[in-house]
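The values are calculated or read from the model by the stated rules, or taken from the named source; none is laboratory data. Keep in mind the model is a prediction, meaning the values are calculated, not measured. FYI the Cβ positions are ideal-geometry reconstructions off the backbone, even for glycines, and counts take in every protein chain you see.
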Amino acid sequence: METIKSIQSAVEPRKPKLFVFSSLQKVFKQSIVLVALFLLWEIAPRIGLVDQAFFPKFSSVVVSWWNMVISGELFAHFMASITRSVSGFALALLIAIPLGLMIGWYPLARELLNPVLELFRNTAALALLPVFMLLLGIGETSKVAIVLFACTWPVLLNTIAAVGNVDPLLIKSARSMNISSYQLFLKVILPASVPTIFTGIRMAGTGAILVLIAAEMVGAKEGLGYLITYSQYNFQIPEMYAGILTIALLGLLINQGLSMLERKFSKWKQPVNS
Amino acid sequence: MTGTEKIRFERVTKTFTVRDTKQKGVMQEFTAVKDLSFTVKEGEFLTLVGPSGCGKSTLLDLLGGLSMPTRGRILIDGEKITGPGLDRGIVFQQYALFPWKTARGNIEFGLEAKGVPKQERRERAEHFLALVGLSHFADRYPHELSGGMKQRVAIARSLAFNPDVLLMDEPFAALDAQTRESLQSELLRIWEKTKKTIIFITHGIDEAVYLGERVVVLTPGPGTVKTIVDIPLKSRLEDADIRSHSDFVKARHEVWSLLHEHEYQGAHI
Ligand SMILES: Nc1ncnc2c1ncn2[C@@H]1O[C@H](COP(=O)(O)OP(=O)(O)O)[C@@H](O)[C@H]1O
Ligand SMILES: [Mg+2]
């Protein structure tokens, strides 16, 4: 009984103060280098380290960015890009996750499909862009399709790997409790796979933006990729940088959003650096 | 209560098909356990001791219905084991807790699969958390628990669906000496309270003698029953330092001698 008592007295309440302080510290650490970088961007053109015509100072970029926000121009391009990438991304998840679970669950399916999957995985999505444009035209369909294509592989392959790599001991332990295959899948395989599937989803999120911007740069009438090339052609250099900045922000936003979801679903995982 | 036969091993042999170590691509039969015959009485605490690799886990898998004997049969309550069942609960050495479930969630897992209603699941989980002294840790995830606590949760999880038989495969081997000793006496306390039949596998002689009413000594390669030793210790829990008691020392020496006879040369005990 002694051990039981000593364990129970070891439970201590959380310390909220310390928590706030450490999170402030974290914000500081994460932003300090970024702030320095923006400062450098501001100073370098001012003192003539780089040519202002090709590399305008940070404040001019921010001003033209703000002007584009006010005029509504940026929002239109932003919406065009986000609609395309989200539709392609969502479609990819809808297809790749169930398919991956199925392929991972049935060894025969895995064996049959493995060579094809390897082939597609190693085909750069952008290399197929001309094919998509030939087949689907330069409208929305080809752009959504290329995002869909690019997002499918990381999610599919990670889902298959996740199902195949569930700790056999957990399966054994669940089976010893006499649960059905269906319950095993639902209550063990699926939850155990979530973190690995999410890694794939995050990879897909990054890929979605990358591929879409490239596609928009080649053939589109709106979207952030189009904004960049259009500005460049018309020598609106600050606008071009404003477009680039927006894309970076968009990428960051998507990644943060997905990380947050990932943490929510994987809170049972041991933090890597503890 | 004791005396009735609960489990019977009848000439149980298990072979595996393995790759030949010398010739590539050639398959070979490998006998893990051979002609095992022994019985376990209802409510008995039986320990099995033998060197690593002698087929202890194989034997437990067979009992758990996770694999089938190649020859022979295992009877439980007179009926042949044909698969896993909730009449047997297994506790594994590496805990095998579901990392995405809290301590409580883990204990409720088997009940959930069984279709026990939510309210009752809760109550039973509370009861068994208290039994293993972890009431305050109900909402912790496994990675937030120490090894000893994880194993307590695993024990509680197996007890929760109320099996007749508890099968334990070196459950305390990964724990430090002090935690191991306290869990050993706690297990004895739980056994006295719940009256389960317990089959406990270990490669520790001390542990086998301390816990078991009888100790089955296994020989290596392939695993067979060498002898079954009766341990005439009465109240292990009343005597705080029973390990220095002359009866304990004698029993321990007997098992030790059996495990150091010539057929164990080169085996890892
Ligand atoms: N699935 C398997 N396939 C092939 N050989 C196995 C398998 N499981 C166990 N063995 C072999 O059977 C022997 C006994 O293993 P095990 O029961 O795990 O021993 P113990 O638990 O006593 O250490 C070992 O030599 C091991 O390599
Ligand atoms: Mg073993």
Of the residues A:163, A:131, A:188, only one is assigned by TED's automatic domain parsing to the domain that holds residue A:223 and out of contact with any helix residue (DSSP H, G or I) (no Cβ under 6 Å at 6 or more places or on another chain); which?
A:131
Select from segment B:149-171 the residues that are over 18 Å from residue A:170 (Cα atoms) and touching an Asp or Glu at 6+ places or on another chain (Cβ under 8 Å) and write down the one among them that is farthest from the other protein chains (Cβ to nearest Cβ).
B:164
Considering each residue of segment A:96-152, count those that are under 20 Å from the mean Cα position of the chain (by Cα) and farther than 23 Å from residue A:201 by Cβ, and give that number.
0
Filter result for the condition that a residue is among the aliphatic types (A, V, I, L, M), on the phi < 0 side of the Ramachandran plot and within 14 Å of chain B (Cβ to nearest Cβ), over A:125, A:162
A:162
Unique match (being more than 30 Å from residue A:222 (Cα to Cα), at pLDDT 85 or above and either in a loop (DSSP other than H, G, I, E, B) or basic (Lys, Arg) (or both)) among A:11, A:27, A:35, A:50
A:50
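Do any strands (runs of 3 or more DSSP E) lying entirely in segment B:1-56 carry at least 3 residues that are surrounded by fewer than 17 Cβ atoms within 10 Å (Cβ to Cβ), out of contact with any Leu (no Cβ under 9 Å at 6 or more places or on another chain) and without any contact (Cβ under 8 Å) to a residue 40 or more places away in the chain, and which ones are they? Before you say what the answer is, go through the steps one by one.
Details: elements: B:5-19, B:27-41, B:45-49.
Passing ranges, in order: B:5-19, B:27-41.
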All positions within segment B:169-179 that are in contact with a Gly (Cβ under 9 Å, 6 or more places away or on another chain), within 15 Å of ligand 1 (Cβ to nearest atom) and not acidic (Asp, Glu):
B:172, B:173, B:174
Scanning segment B:113-145 for residues that are at the interface with chain A (Cβ under 10 Å from one of its Cβ atoms), surrounded by fewer than 15 Cβ atoms within 10 Å (Cβ to Cβ) and in contact (Cβ under 8 Å) with a residue 24 or more places away in the chain gives B:143
Look through B:60, B:86, B:66, B:97 and report the one residue that is within 16 Å of ligand 2 (Cβ to nearest atom) and either in a loop (DSSP other than H, G, I, E, B) or under 19 Å from residue B:153 (Cα atoms) (or both).
B:66
Among what's in segment A:201-221 and is of a type in the set (D, E, K, R) and under 16 Å from residue A:140 (Cβ atoms), pick the residue that is nearest to the chain's Cα centre (by Cα).
A:216
